[in-house]
Amino acid sequence: MSRGVVLASASPRRSELLNRAGIPFDICVSDVDENIDIADPCRLVEELSYRKAKRVFDDGHRNSTVIGADTLVYAQGEILGKPVDREHCRVMLNMLSGSDHHVYTGVSVIWTDEHGMEQSVSFHEDTRVHVTKLSDREIEDYIATGEPMDKAGAYGIQGTFAKFIMGIEGDYNNVVGLPVARLYTVLKEHELI
């Protein structure tokens, strides 16, 4: 059963990835409180993605397929969200420098089936990212670009930080913010597109 797709995210990167995948969609941003106490990064991103999708679904999109997503960086046993200021950004980049970390993106899809019953699927992807050793000057120069301020883990793999990425294990698009191939498979399996 085909229906309209709604992305419950203001992220321009997620919009770009869905556009590239050829999936038409509308945007409706959720205002969910993201401060929840879950220590496991896999469970956390799935829970946040579900809450985002559920809020939009319940707020007038019950006849749509609603997609929620949440991305975080997990380094040295700590969950890294978006930096709150330049100093926080500096701390995060020093944690990532010369080491490996994981990027987790949780995705939830919510829809109403042909019987009027609410259905949902949640999953997460994990990509391991290898970052070269950064000098203090490189960190300061990167912070000065303003690029890291709205990104989980204080960097964007698709921007100028790319020159510091030695390699990845897993889905590149997951690091950008949406594991499109797996999402497409879920949508297709449930005949939502």
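Each reported figure results from applying straightforward, stated rules to the coordinates on display, with no laboratory input. Keep in mind it's a predicted model, so treat the numbers as computed, not measured. Cβ: placed from backbone, ideal geometry, glycine included. Neighbour counts: every protein chain shown.
Details
- Rounded Å value of the spacing that divides the Cα centres of region 136-193 and region 42-98: 12 Å
- By the Cα gyration tensor, the chain has an equivalent ellipsoid whose semi-axes, rounded to whole angstrom, run 32, 16, 14 from largest to smallest.
- Table column - 3J(HN,Hα) (Hz), region 24-32, Karplus curve with 6.51, -1.76, 1.60, x for Gly and Pro: x, 7, 10, 10, 9, 7, 8, 10, 6
- Straight-line cross-link partners of Lys82 among the lysines, defined as a Cα under 19 Å from its Cα and at least 8 positions apart when in the same chain: Lys52, Lys151.
- Sequence-distant residues sharing a close amide H with Ser30 (under 5 Å, placed H): Ser9
- Each of Gly81, Val91, Gly22 was placed along the dipole of the chain (beta-carbon charges, centred on the mean Cα), and the one lying farthest toward the positive end is Gly22.
- Its Cα centre serving as origin, the chain has a Cβ charge dipole (Lys and Arg +1, Asp and Glu -1) of approximately 440 debye.
- HN-Hα J in Hz across region 103-109 - Karplus 6.51, -1.76, 1.60, θ = phi - 60°, x for Gly and Pro: 10, 10, 10, x, 10, 10, 10
- Over the chain, dividing the summed -39,500 (n - 2.57) contributions of all DSSP H runs of at least 4 residues by the number of residues returns a 222 nm mean residue ellipticity of -9500 deg cm²/dmol.
- Annotation for region 92-193: trypsin sites (Lys or Arg not before Pro) lying in DSSP loop with at most 15 further Cβ atoms inside 10 Å of their Cβ are Lys133.
- Mean shadow area of region 88-139, taken as a quarter of the surface of its Cα convex hull (nm²): 5.1 nm²
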